[in-house]
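Participant: Handing you a structure now.
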Amino acid sequence: MTDVQRSLVLVKPDGVRRGLSGEVLRRIETKGYTLAAVELRTATAEILADHYAEHEGKPFYGPLVEFMLSGPVLAVVIEGERCIEGFRALAGATDPTVALPGTIRGDLGRDWGLAVQQNIVHGSDSPESAAREIGIWFPNL
Ligand code: RTP
Ligand code: MG
C-alpha cells in the first residue's frame, strides 16, 4: 500500500558550521528521497518554542534552544514512501556517541563535552509531528 510522506529535516547549526549540509543532502538523495524544499535560515525564539514545545521544561530545553539559535540551520522538506521512519534510520540514535556507524550521527558526530547533544540533524518522528513542523518552518508549502 502506498504511503508517500513528507518529513521535516533540519541540518542543525553544528552541521552547517562543520560544512556537512551537502553530505546530509547527499545521503537523503542517494537513499532515494526527493527534496521538496531547502532553505538556509536562522531560527527564531518563536519558531523554536513551537518546534520544541514537547521538550519545554526538560533540563536540556534551555541549552537546546540556545544551541539552535547559535547559527543558521538548513531547513529541508523531504518526500518519499515511509520517509519519516526512513530518515530517522538514516540519522541514527539521538546520542552520536552510540549512534551506529553508517548513520549520519554515527559517522559524522560525537560528544563534544557541551551542554546539549549536538547531533547534526533533526527529523520528524511521526506523521503528526511532520505536518506540524512543516507548518512551522514552511507555512506556504
Ligand atoms: P531530533 O528531534 O533532533 O530529531 O532528535 P531526537 O528525536 O533523536 O531527540 P529528541 O528526544 O526529540 O530531542 C531533541 C534534541 O534535543 C537534544 N537533546 N539533548 N540529554 C541531552 O543532552 C539531550 N537530550 C536531547 C538533542 O539535540 C536532540 O536531538
Ligand atoms: Mg525528536
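Participant: Which one, Leu35, Leu114, Leu20, has the greatest fluctuation when you compute a Gaussian network model over the chain with C-alpha springs under 10 angstrom?
Facilitator: Per the Cα network of the chain with a 10 Å cutoff, Leu114 tops the list.
Participant: Given only helices, namely DSSP H runs of n ≥ 4 each adding -39500 (n - 2.57), what is the per-residue ellipticity at 222 nm of the chain, to the nearest 500 deg cm²/dmol? Intermediate values should be presented prior to the final figure.
Facilitator: Details: 7 runs with 56 residues, N = 141.
Computed mean residue ellipticity for the chain: -10500 deg cm²/dmol.
Participant: Only loop residues by DSSP count here, and only those with at most 15 other Cβ atoms within 10 Å; note down the trypsin sites (Lys or Arg not before Pro) in segment 46-114 that meet that. It would help to have the intermediate numbers written out before the result.
Facilitator: On the way: sites: Arg82, Arg88, Arg105, Arg110; in loops: Arg82, Arg110.
Listed in order of number, the matching sites are Arg82, Arg110.
Participant: Right, here's the next one. Residue by residue through segment 21-36, what is 3J(HN,Hα) from phi via Karplus (6.51 cos²θ - 1.76 cosθ + 1.60, θ = phi - 60°)? Round to whole Hz and write x for glycine and proline.
Facilitator: Once θ is set to phi - 60°, the couplings for segment 21-36 become 4, x, 4, 5, 4, 4, 5, 5, 6, 6, 5, x, 7, 9, 9, 9 Hz.
Participant: When the Karplus curve 6.51 cos²θ - 1.76 cosθ + 1.60 is applied with θ = phi - 60°, which whole-Hz ³J(HN,Hα) does each residue of segment 2-10 get, with x for Gly and Pro?
Facilitator: Rounded to whole hertz, the list is 6, 9, 5, 10, 10, 9, 8, 10, 10.
Participant: Still on this structure: Count the net charge of all other residues whose Cβ sits under 13 Å from the Cβ of Ser124, scoring Lys and Arg as +1 and Asp and Glu as -1. Spell out each step's value before the answer.
Facilitator: Details: positive: Arg6, Arg82, Arg88, Arg132; negative: Glu54, Glu79, Glu85, Asp125, Glu128, Glu133.
Local net charge: -2.
Participant: Restricting attention to segment 1-49, which trypsin sites (Lys or Arg not before Pro) occupy a DSSP loop and are surrounded by at most 15 other Cβ atoms within 10 Å?
Facilitator: Arg18
Participant: Over the chain, what relative contact order in percent results from Cα pairs under 8 Å that are six or more residues apart? Please list the in-between numbers first.
Facilitator: Details: 237 pairs, mean separation 51.4, N = 141.
It rounds to 36 percent for the chain.
Participant: Same structure again: How much length is gained if the chain between Met1 and Arg82 is pulled fully straight, taking 0.36 nm per residue apart and subtracting their Cα-Cα distance, in nm to one decimal?
Facilitator: 28.1 nm
Participant: Something else about it: Are there GluC sites (Glu not before Pro) in segment 1-44 that DSSP marks as loop and that have at most 15 other Cβ atoms within 10 Å, and which are they?
Facilitator: Values: sites: Glu23, Glu29, Glu39; in loops: none.
The qualifying sites: there are none.
Participant: Here's something else I'd like to know. How high is the FRET efficiency from Glu46 to Ser126, r the C-beta distance, R0 25 Å, rounded to 0.05?
Facilitator: Here the calculated transfer efficiency is 0.65.
Participant: Can you compute the label reach from Lys31? Point 7 Å from Cα along the Cβ direction, backbone N cut-off under 15 Å, restricted to segment 2-20.
Facilitator: 4-12
Participant: Quick one: the Cα spread of the chain along its three principal axes, in angstroms, biggest first?
Facilitator: That works out to 42, 34, 24 Å along the principal axes.
Participant: Explain nothing, just the number: dipole magnitude of segment 1-64 about its Cα centre with +1 on each Lys and Arg Cβ and -1 on each Asp and Glu Cβ, in debye rounded to the nearest 20.
Facilitator: The dipole magnitude comes to about 340 debye.
Participant: Quick one: which residues, 5 or more positions from Gln5 or on another chain, have an amide H under 5 Å from its amide H? H modelled 1.01 Å from N in the peptide plane, none for Pro or chain starts.
Facilitator: Gly80, Glu81, Arg82, Cys83
Only the coordinates and a few stated rules stand behind these numbers; no lab work does. Keep in mind it's a predicted model, so treat the numbers as computed, not measured. Note: ideal-geometry Cβ built from the backbone for every residue, glycine included; neighbour counts use all protein chains shown.
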